[in-house]
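This report concerns only the one structure given below.
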Amino acid sequence: MCGIFACHKHESVDKFKSDALQLAKKIRHRGPDWSGNYTRNSTILVHERLAIVGLDSGAQPITSQDGDLSLTVNGEIYNHIQLREELQSYPYKTLSDCEPILPLYEKYDIDAPKHLDGMFAWALYDAKKDRIVAARDPIGITTLYMGRSSSSPKTVYFASELKSLTDNCDQITAFPPGHVYDSITDKFTRYYNPNWLQEGHTPSEPLDLLKIRHSLEKAVRKRLMAEVPYGVLLSGGLDSSLIASIAARETEKANTALNASEYDSESKHLAGVDDAGNLHSAGWSRLHSFAIGLPNAPDLQAARKVAKYIGCIHHEHTFTLQEGLDALDDVIYHLETYDVTTIRASTPMFLLSRKIKAQGVKMVLSGEGSDEIFGGYLYFAQAPSATEFHSECVQRVKNLHFADCLRANKSTMAWGLEARVPFLDKEFLDVCMNIDPEEKMIKPSEGRIEKYILRKAFDTSDEPDVKPYLPEEILWRQKEQFSDGVGYSWIDGLKDTAEETISDEQFKQPKAEWGDDIPTTKEAYWYRLKFDALFPKAAATTVMRWIPKADWGCAEDPSGRFAKIHDQHVEK
């Protein structure tokens, strides 16, 4: 991951360059390792680098041999070795996993993103055509914003975070995931359009548990591509525990099979082994895991069990309610949202990320995406039909870039730490989003709890030759949303503080500019005021509030404890 800033069709780009460098500096926390820039015609690209792959030669912007193409990328391209083999005639200048985007553009033009497997946001400038092309990964794991100024409508800006755009732009939008932008047409084109994403389509693929297991293992394996120490975020819930378990197995496998002859062709690529037998992966001999919570939080207790069981080196951190409250302004500054759910969950992740970076880690695996894919939130138990269950899953996946992807990206990148999310792998998504949704339905009376088929996929009780992935009590642990699992008093403390901070009279007088997006709780009102003070121009088009589905009879509060099937259920 890195930070990118780009401006195209600026009226005086040479004079603007010093300003552009300062605007990029606002996101240097995303890329503290090196800075680079490229200026040509009326376009400037700026890059703030976090070095994960190609440490010695991966500085950006990356230019073609003739200098006519230049590229700035925020992301990781997991199939870069395969792309280099397919595009061998291109004169590569670096070992960067991002450089193959240049020959892909030469060959496929705006279809280039279709051939990428990874998480990314990039801007590519073609000097011969005076054209900028920008793209964002299929789900929006990597953040990207686009801005314009009404005083200079031909000028277009791109940046990894809002804070780099607010000085010059009065029109800012979140760049749509799965799309590519072409300045020649001034239009977006959707390049990612799988069947399951089609409106009105209900999947019908039969359930294949081994296919789920193997595709997730493959997704984790490819995300261990790194030349720096890495770890896993471990909450002790099902999703992070599965990722940690698989990563521990793959790390052990990589460290005991350094001879490339022990890998088959596919495994070479996924593990980062090149044809010369070099393993482009770095880390400790054992996986390290990281957890955070209030003292004795449910997640901390569960994470300890998982870490001991899978044999990783575990790091447990705690925070106090006051430390969380003290961090709120910084969290909202970095997250660039006022969504209640995102802020609740991001604060512990933000605090933990700082601790992880201080321990010498630059990359972690995380468990975001599973609940959206499998309908894992407890309110899904109230889905009236399989068709509506699937439709809600699709909607949640489509909106991940406003919620959990944004949280995972910005909470970690605030400290120069990269989060990778195996559940949002394209192949895994295609497997799991095409399963007949009847198989995903939550049916407590039949023993089918949330994410039942994911749990069954990794249940090895009838496979005596396979070591269990997780302890039984973790594999079948009830869903806890991260903001609940770090300690129930965290959310309670936020609510109490908001009640003390926002008076009844103030709450009854929302700002006129909020329009129909009026906060319905004092906690939401409090966060909105903090956001407005930082980003007064951006709210309407860059933030979406995460709430359970109201027409299923769900409580408005997003906490899982308000779901009727939660073990610690609380009334509305």
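Yes or no, residue by residue, for (1) in a helix (DSSP H, G or I); (2) surrounded by fewer than 22 Cβ atoms within 10 Å (Cβ to Cβ); (3) modelled with pLDDT of 95 or more:
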| residue | (1), (2), (3) |
| --- | --- |
| ALA419 | no, no, yes |
| GLU427 | yes, yes, yes |
| ASP430 | yes, yes, yes |
| LEU454 | yes, no, yes |
| LEU470 | no, no, yes |
| GLN478 | no, yes, no |
| SER483 | yes, no, no |
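Selection of the stretch 54-75 for residues being among the aliphatic types (A, V, I, L, M) and not in a loop (DSSP other than H, G, I, E, B) yields ILE62, LEU69, LEU71, VAL73. Evaluating GLU76 against the criteria (1) free of Cβ contacts under 8 Å to residues at least 60 places away in the same chain; (2) under 29 Å from ALA419 (Cβ atoms) leaves one unmet condition, (1). When VAL228, VAL220 are checked against the criterion of being of a type in the set (A, V, I, L, M, F, W, C), more than 16 Å from ASP436 (Cβ to Cβ) and crowded, with 20+ Cβ neighbours inside 10 Å, a single residue qualifies: VAL220. Closer than 29 Å to ARG354 by Cα, in contact (Cβ under 8 Å) with a residue 60 or more places away in the chain, touching a Pro at 6+ places or on another chain (Cβ under 9 Å) and not assigned by TED's automatic domain parsing to the domain that holds TYR469: does that describe PRO177? So PRO177 passes the test. I'd like to know if the stretch 384-395 contains one or more residues that are surrounded by fewer than 19 Cβ atoms within 10 Å (Cβ to Cβ), at pLDDT below 95 and part of a helix (DSSP H, G or I). No, the conditions are met nowhere in the stretch 384-395. Among what's in the stretch 485-507 and is hydrophobic (A, V, I, L, M, F, W, C) and closer than 26 Å to PHE319 by Cα, pick the residue that is modelled with the lowest pLDDT. My answer is VAL486. Screening the candidates THR39, THR63 for the property of being closer than 22 Å to GLY118 by Cα, crowded, with 18+ Cβ neighbours inside 10 Å, among the hydroxyl-bearing types (Ser, Thr, Tyr) and without any contact (Cβ under 8 Å) to a residue 40 or more places away in the chain yields one hit, THR63. Checked against (1) aromatic (Phe, Trp, Tyr); (2) part of a loop (DSSP other than H, G, I, E, B); (3) surrounded by fewer than 24 Cβ atoms within 10 Å (Cβ to Cβ); (4) more than 17 Å from the chain's Cα centre (by Cα), TYR333 meets all criteria but (2). Within the stretch 150-173, none of the residues are within 19 Å of PHE423 (Cα to Cα) and buried (at least 19 other Cβ atoms within 10 Å of the Cβ). Filter the stretch 80-120 down to residues that are modelled with pLDDT of 95 or more, part of a loop (DSSP other than H, G, I, E, B), aliphatic (A, V, I, L, M) and within 26 Å of the chain's Cα centre (by Cα), then give me how many there are. Residues in the stretch 80-120 being modelled with pLDDT of 95 or more, part of a loop (DSSP other than H, G, I, E, B), aliphatic (A, V, I, L, M) and within 26 Å of the chain's Cα centre (by Cα): 1 in total. For the stretch 16-34: of the residues being modelled with pLDDT under 95 and surrounded by fewer than 19 Cβ atoms within 10 Å (Cβ to Cβ), which is farthest from the chain's Cα centre (by Cα)? For the stretch 16-34, the residue satisfying everything is TRP34. If the condition is being more than 23 Å from the chain's Cα centre (by Cα) and either basic (Lys, Arg) or within 20 Å of SER346 (Cβ to Cβ) (or both), then the stretch 286-316 contributes ARG286, LEU294, ALA297, PRO298, ARG304, LYS305, LYS308.
The values are calculated or read from the model by the stated rules, or taken from the named source; none is laboratory data. None of the values given here were measured: they were computed from a predicted structure. For neighbour counting, all protein chains shown are included, and Cβ atoms are generated from backbone atoms with ideal geometry for every residue, glycine included.
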